[in-house]
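The values are calculated or read from the model by the stated rules, or taken from the named source; none is laboratory data. Everything numeric here is computed off the predicted structure, so don't read it as measured data. Positions of Cβ are backbone-derived with ideal geometry, glycine not excepted, and every protein chain shown enters the neighbour counts. Ligands, DNA and RNA are excluded from the accessible area calculation, which covers all protein heavy atoms including side chains. Shrake-Rupley method; radii C 1.70, N 1.55, O 1.52, S 1.80 Å.
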Amino acid sequence: MMEITNTIIEKHGLKIEEYKNIKKLLNRNPNLLELGIFSAMWNEHCSYKSSRIHLKKLPTKGKQVIQGPGENAGVVDIGDDDAIVFKIESHNHPSYIEPYQGAATGVGGILRDVFTMGARPIALLNSIHFGSPSHPKTKGLLNGVVSGIGGYGNCIGIPTVAGETKFNETYNENILVNAMAVGHVKKDKIFYSKAKGVGKSVVYVGSKTGRDGIHGASMASAEFDENSEEKKPTVQVGDPFTEKLLLEACLELMRDDSIIAIQDMGAAGLTSSSVEMASKGSLGIELNLDKVPCREENMTPYEIMLSESQERMLIILENGMEEKAKKIFEKWDLNFTIIGKTTNTKKLTLKYKDKTEGEIPIDALAANAPVYDRKWTRKNYNKNKFDFKKLKKIKIEEALIKILSSPNHSNKSWITNQYDQMVMCDTAQRSGSDAAIIRIHNKDKAIAVSVDSSANYCKSHPITGGKQIVCENWRNLISVGARPLAITNCLNFGNPENHEIMGEFAECLEGIKEACEFLNYPVVSGNVSFYNGTNKRNILPTPVIGGVGLIKKIFKPLGHSFKKDKSILIKIGKTFGHLEQSCFLKENYSIIEGRPPEVNLTNEKNNGEAVLKLINENLIESSHDVSNGGLLVALSEMAINSNFGAKIDKPKKLNNLIEYYFGEDQGRYILEVSEDNFKKVEKTLKNGNIYFEKIGVTQEKFFEIEGELKIDLNNLFKINNQWYNNY
């Protein structure tokens, strides 16, 4: 047996103390295969060893929740025996190393998480973050990632309906690629990964196993360095056409009661899928590795167990169902091989060429995986307010143009046009609005979906940043007339062994927890991605929130484009003019200072409920939440996406127009109301004690503030498109 040296241990991403614990759990030294399996199951990506104690604090229950965290994906009830299955996950490290395949296999992996639960995927979303546009790697990474997302989603035939693309130099050496999938399932046809029964067939289905992706999960649990390019062999290779066959074969088998448990072979491949199924069922699993279909010759047990080849699943079948299941998978031209059985040993037993190559107690890999309560420090806040008087004065029109033509606010149709958003014919509203809307097939109800992040807020004040991003996601769903149901989160942070970064994580989760509890917006699934950094330079804390809401009856898609001439424009929520951490300062002065705006959860809830009531009573023509860039940017976005402009009144009570138009105060919406409905809207808002202001009217041809700016709509559109057109 090969001697396990400290160098080998470290190459497997394990600490020396962790190796000592492994020896105690086994009561002997592990062999190389067993060490590799521990490495896969104990890494950050699979075990959540640095985040688990904090994640337990999140609210995960609610009357709408069918399945919370702990399964392949979360499940929420949308009535009529229908349920929505959804989850978001990161594929950051692979996408930086090999952008096309990294992004493509991120999409493939999250889709399997959803259809493993018995759901047919109906929508894809993404949150992608890149470095400075001027960085030499950014353009190639952007092109590769977008092509990978579009290539996989378009080929498998699932619409990519919403997302966000952001740029910041913090991601120069570590981009973020977060993929979210949403599926629809009947409540009595949800499948789980818990193994049951002894002597049941363990079946391998899907593509053959190759050497791609070995140590992928371990690689995703370590910081990059100058040698990151050498890690290309750990990036998986995807095949969307095979995944389409696998999807259809699995859903066909799921029509009856053949399946006891089913698990995607995702991170850590055959290792994680077999261990997770056995652990949840308090059983053992014995695998005969000779029987695993391999596409390369002379693959070792180590390579077979740690391969992360794509488009594979592990299934435990009821007795006597093997032949029926085999016919289904062979019909779809997929491998179907019985590679083992469940046992009562509570061990993972691995046999190869009539010899036991490894035997590990399941609890040692799962229940006894390390859990760290890492030291962390609270953020030290500078209480001094930023002195705006020292800034050179700028005209409102000039400031608006700089924001609308900046990389983060420019029109991103160059990206979204590469995604098929209408395949399956149920997309009622696609990207470009606050949230996308997907009709439930053959029904008049729909779901709304959105993803959001706000890294600079989270860096400045993690608790407020955590609250804010949940609330922004909530507002985006409200703005299209959806009742927010639940969220999934992808928590992207730097090195958790750094006390400051661990503090950012802990405090962001405090904010997320507080907002989710207050809004009854539980967390049902998610992912943690640590070690996002290179050579000790870590990314900004970037929690991404993916939300799902319900529209019980879809009578008209409610986007944020102006619909009529001479409509009345109403602003919901008070404006205080908060400019610290604003887009105004960043894009016009390259200043990122101060604290984010306060988040008042009572106002968020009351204002959101009022807007939703007005929408449900069909009193609103269009609606848009006010977020990054403030009021004037939100109004500009409504004009750019329509055939109408606006004439905006000057505020009477706030002397500083810059603060009024560009302040990023939270809890605000813009509503377009026809003259006929204004009195009804006004009455409803007054009765609900909701603060609102009439701020102007829609008009043809121009976007205007009297005496301050007047821009032709065609020019406004050109301003918003010029950066991407020139990049």
Inset, instruction - Would you mind checking K61/K187; K63/K280; K347/K513; K189/K291 for any pair whose Cα atoms are more than 26 angstrom apart? - result: K347/K513; K189/K291
Legend entry - Which of T575, T5 is most accessible, then next, and so on - probe 1.4 Å: T5, T575
Inset, instruction - Please report, as a whole percent, how much of the solvent-accessible surface of the chain comes from carbon and sulfur atoms (probe radius 1.4 Å). - result: 46 percent
Inset, instruction - Please state, as a whole number in µm²/s, the translational diffusion coefficient that the Stokes-Einstein equation yields for segment 317-383 at 4 °C and 1.567 mPa s, with Rh defined as the Kirkwood radius across alpha carbon pairs. - result: 76 µm²/s
Legend entry - Length gained when the stretch N725-K613 is fully extended (0.36 nm per residue, less Cα-Cα span): 36.3 nm
Inset, instruction - Along Cα→Cβ, 7 Å out, is where each label goes; now give me the distance between the ones at T684 and E497 in nm to one decimal. - result: 5.6 nm
Legend entry - Mean accessible surface per residue for segment 529-597, computed with a 1.4 Å probe while every protein chain stays in place, in Å²: 37 Å²
Legend entry - Dipole moment magnitude, nearest 20 debye, segment 653-705 about Cα centre, only Lys, Arg, Asp, Glu C-beta charged: 300 debye
Inset, instruction - Could you pull the accessible area for K327 with a 1.4 Å probe, rounded to 10 Å²? - result: 140 Å²
Inset, instruction - Treating only the Cβ atoms of Lys and Arg (+1) and Asp and Glu (-1) as charged, compute the dipole magnitude of segment 467-572 about its Cα centre; round to the nearest 20 debye. - result: 960 debye
Legend entry - Dipole magnitude of the chain, debye to nearest 20 (Cβ charges: Lys/Arg +1, Asp/Glu -1, about Cα centre): 1480 debye
Legend entry - Probe 1.4 Å, protein heavy atoms only - accessible area per residue of segment 383-503 in square angstrom: 37 Å²
Legend entry - Residue-normalised accessible area of segment 81-193, given per residue in Å² at a 1.4 Å probe: 22 Å²
Legend entry - Extended-chain gain in nm, criterion 0.36 nm per residue less alpha-carbon gap, K11 and K566: 193.1 nm
Inset, instruction - Just need log10 I(q)/I(0) for segment 13-129 at q = 0.14, 0.16 Å⁻¹, Debye formula, equal scatterers on the alpha-carbon atoms, no solvent, rounded to two decimals. - result: -0.83, -0.98
Legend entry - Area accessible to solvent at I648, 1.4 Å probe radius, in Å²: 0 Å²
Inset, instruction - For the pairs K87/K166; K393/K563; K605/K652; K139/K647; K194/K327, note any where the Cα-Cα span goes beyond 30 Å. - result: K393/K563; K139/K647
Inset, instruction - Give the cross-link partners of K701 among the aspartates and glutamates, using a straight C-alpha distance below 16 Å as the criterion and excluding same-chain residues fewer than 8 apart. - result: D565, E637, D712
Legend entry - Separation in nanometres of the label points that stand 7 Å from Cα toward Cβ, at S134 and D363: 5.9 nm
Legend entry - For the chain, with +1 on Lys and Arg beta carbons and -1 on Asp and Glu, the positive-most of T416, V177, A610 along the dipole: A610
Legend entry - Accessible area, probe 1.4 Å, largest first, for residues M313, M2: M2, M313
Inset, instruction - Could you point to the residue in G707, I338, V235 farthest towards the positive end of the chain's charge dipole, with +1 and -1 charges on the Cβ of Lys/Arg and Asp/Glu respectively? - result: G707
Inset, instruction - Using Cα centres only, tell me the gap between segment 353-395 and segment 432-481 in whole Å. - result: 23 Å
Legend entry - Label-point separation in nm, K652 to N143, each point 7 Å along Cα→Cβ: 5.6 nm
Legend entry - Solvent-accessible area of K346 with every protein chain in place, 1.4 Å probe, in Å² to the nearest 10: 110 Å²
Legend entry - Rg and Dmax of the chain, Cα atoms only, in Å: 26.1, 86
Legend entry - Net length gained if the chain between M422 and E296 were fully extended (0.36 nm per residue, minus Cα distance): 41.5 nm
Legend entry - D (Stokes-Einstein, µm²/s), Kirkwood Cα radius, segment 589-661, 1.306 mPa s at 10 °C: 106 µm²/s
Legend entry - Anchor K395: lysines whose Cα lies under 16 Å away (excluding residues fewer than 8 positions away in-chain): K586, K650, K710
Legend entry - Cα centroid separation, segment 44-75 to segment 663-727 (Å): 39 Å
Inset, instruction - Please name which of S132, W42, N588 has its Cα lying farthest along the dipole of the chain towards the positive end, using unit charges on Cβ (Lys, Arg +1; Asp, Glu -1) and the Cα centre as origin. - result: N588
